[in-house]
Amino acid sequence: MSENPADSATFDALGLSSNVLKAVVDAGYQKPTPIQAQAIPFVLMGRDILGSAQTGTGKTASFTLPMIDILAQGRARARMPRSLILTPTRELAAQIAENFQIYGKYNKLTMALLIGGESFGPQIEKLDRGVDVLIATPGRLIDHFERGRILLTDVKILVIDEADRMLDMGFIPDVERIVGFLPRIRQTLFFSATFPPEVKRLADKFLMNPKEITVSRMSSAAETVEHSFFRCSGRDAEKRAAFRALLGSEDVKNALVFCNRKRDVDVLAKSLRRHGFSVAPLHGDMAQSARTETLEAFKAGKITYLVATDVAGRGLDIQGMSHVFNFDVPFHAEDYVHRIGRTGRAGAKGRAITLATPDDAKFIAAIERLLGKTIPITTIEGFVSPQATGDDGARPDRSRGRSRKSREPSGRGERSRNDRPAAPAEPAADENAGVAQPREPVAAREHDDSDQKSRRSGGRDSRSRGKPRRERQDDSREEDKVVAFGDHMPAFLSREVRIRND
Ligand code: AMP
């Protein structure tokens, strides 16, 4: 992490006020993270910032702390916010608001949150009284603007957070429209984890002579994360059975489980619930009240597993998560880093566990390149596919369905807090998912390249048929050149050892 002399700075040296410093001490932070050390002095100077940083790096405090000091002078007028923070998701907006409350506890700043799915009434009342900080998702802000309930001509500081997510979610036209309503003379702080061309274009358009700050993709959190990859079949029911076997072998306190697609979030959450796990889904199609309720129950420890998409899980700041599970290998290597950033925070140990199907070789190769290390993949020891045994996958034998660790006499699996009732049957649809998978080695299949792509999609779950493959950004074109052959063969194809990256 120490890539800049500023990294060794202390909070006292950054130019923050005593009120903010007191709040930082109360929050228990010992020293600024690299992005905080590098950004805060420049934000206080009034410079624009172009920050290349992902969640988990402390980027929220890198703009909220200096903003509190800048906004401490002056007063907001009715309906004319003095600063605007645009975020892609409601959860991220709520977390930024929480940050302002924590760090601004010795200041008297007013704040409003304009997020979709919540009633307009209280939001309007707040705006009418005047707010220093307005945190909004683009759609809801435009709603308010069009109804004439808000004027943006007094905005002195604009923050665009997670611009790449805005792009993924189709918000860029809204963002451009909103920025068109703002004064041209303003300070702009622009953050994104990745910079595909469209995000670069926006940055060029919105920023004036910005201070560019890049913090390493691997957050410090990632260094305390133990990565484990397990090979499994790509067929729905088998994959879920394998997943349950893994869950049974881990001592999970609380965990996020990531799926690549929204519909799979529901399917997996329902399946796990049927099998007696304490679980809830989280995705953008849920009503805001349901999302808030789910998050609160998860934070309070009433739910052990939260199954989410990248978008819904983005920015979730839940401390001390013991595990992150990737039910699906993410399409973008950066998303792997985002996902696992939810565990192993603040120096705590965390486990990141990923299920890898033969179709994922290319994505895993990209993750290896990004992490700069090889990722061996192991088989789930003792797990026998329900197909191979004639079992329907609905009632995995728990003694078989455990990895090596759980079968050690004092293994974590024996101490699992998540003992659960006998597993009920999977629905019929699961049982019929796909035909039996050939059992030849992964590498052999990968070498048959002529019709590989079509065979792959044919062999993949029925759910992916007819769906366009998720669009890739420029940086992933490179990935397309490598299909895990020869020198580029990922380590998991040739080795069978489990690693710990302590
Ligand atoms: P963010 O990248 O803004 O989502 O922040 C990630 C997590 O790091 C949050 O839980 C913050 O509370 C925490 N955090 C932010 N700054 C610091 C710091 N200087 N020291 C320790 N933890 C921090």
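Each peptide among 288-301, 89-102 gets the average number of other Cβ atoms lying within 10 Å of its residues, and from highest to lowest they stand as 89-102, 288-301. The label-point distance for I318 and Q101, in a model that sets each label 7 Å from Cα toward Cβ, rounds to 1.8 nm.
Near C232, the amide H atoms lying under 5 Å from its own belong to A356, T357; only residues 5 or more places off or on other chains count, and H is placed 1.01 Å from N.
Along each principal axis, taking the top coordinate minus the bottom one, the Cα set of the range 33-124 gives 40, 29, 23 Å in descending order.
If DNA, RNA and ligands are ignored and the probe is 1.4 Å, what is the ranking of V225, V311, V25 by accessible area, most exposed first?
Numbers: V225 0, V311 45, V25 105 Å².
From most accessible down to least: V25, V311, V225.
With 20 Å as the limit, the listed pairs K239/K262; K22/K108; K22/K156 have K22/K156 beyond it between alpha carbons. Taking Lys and Arg as +1 and Asp and Glu as -1, the other residues whose beta-carbon sits under 13 Å from that of P210 total +2.
Can you figure out the FRET efficiency of A13 with T379, using R₀ = 41 Å and their beta-carbon distance, to the nearest 0.05? Provide the component values of the computation, followed by the final result.
Working: r = 51 Å, r/R0 = 1.25.
Here the calculated transfer efficiency is 0.20.
Over 23 Å between Cα atoms, which of K253/K299; K105/K205; K59/K373; K253/K349; K59/K211; K270/K302 qualify? Before the final figure, lay out each step's value.
Details: K253/K299 11 Å; K105/K205 35 Å; K59/K373 26 Å; K253/K349 12 Å; K59/K211 15 Å; K270/K302 17 Å.
Pairs exceeding the cut-off: K105/K205; K59/K373.
In terms of the mean number of neighbouring beta-carbon atoms within 10 Å, the peptides 325-336, 59-70, 13-24 order highest first as 59-70, 325-336, 13-24.
The values are calculated or read from the model by the stated rules, or taken from the named source; none is laboratory data. Keep in mind that this is a model prediction, so the values were computed, not measured. Quick reminder, even Gly has a Cβ in these numbers, built from the backbone with ideal geometry, and neighbours come from all protein chains shown. Areas reflect the complete protein model, heavy atoms only, side chains present, ligands, DNA and RNA absent. Shrake-Rupley method; radii C 1.70, N 1.55, O 1.52, S 1.80 Å.
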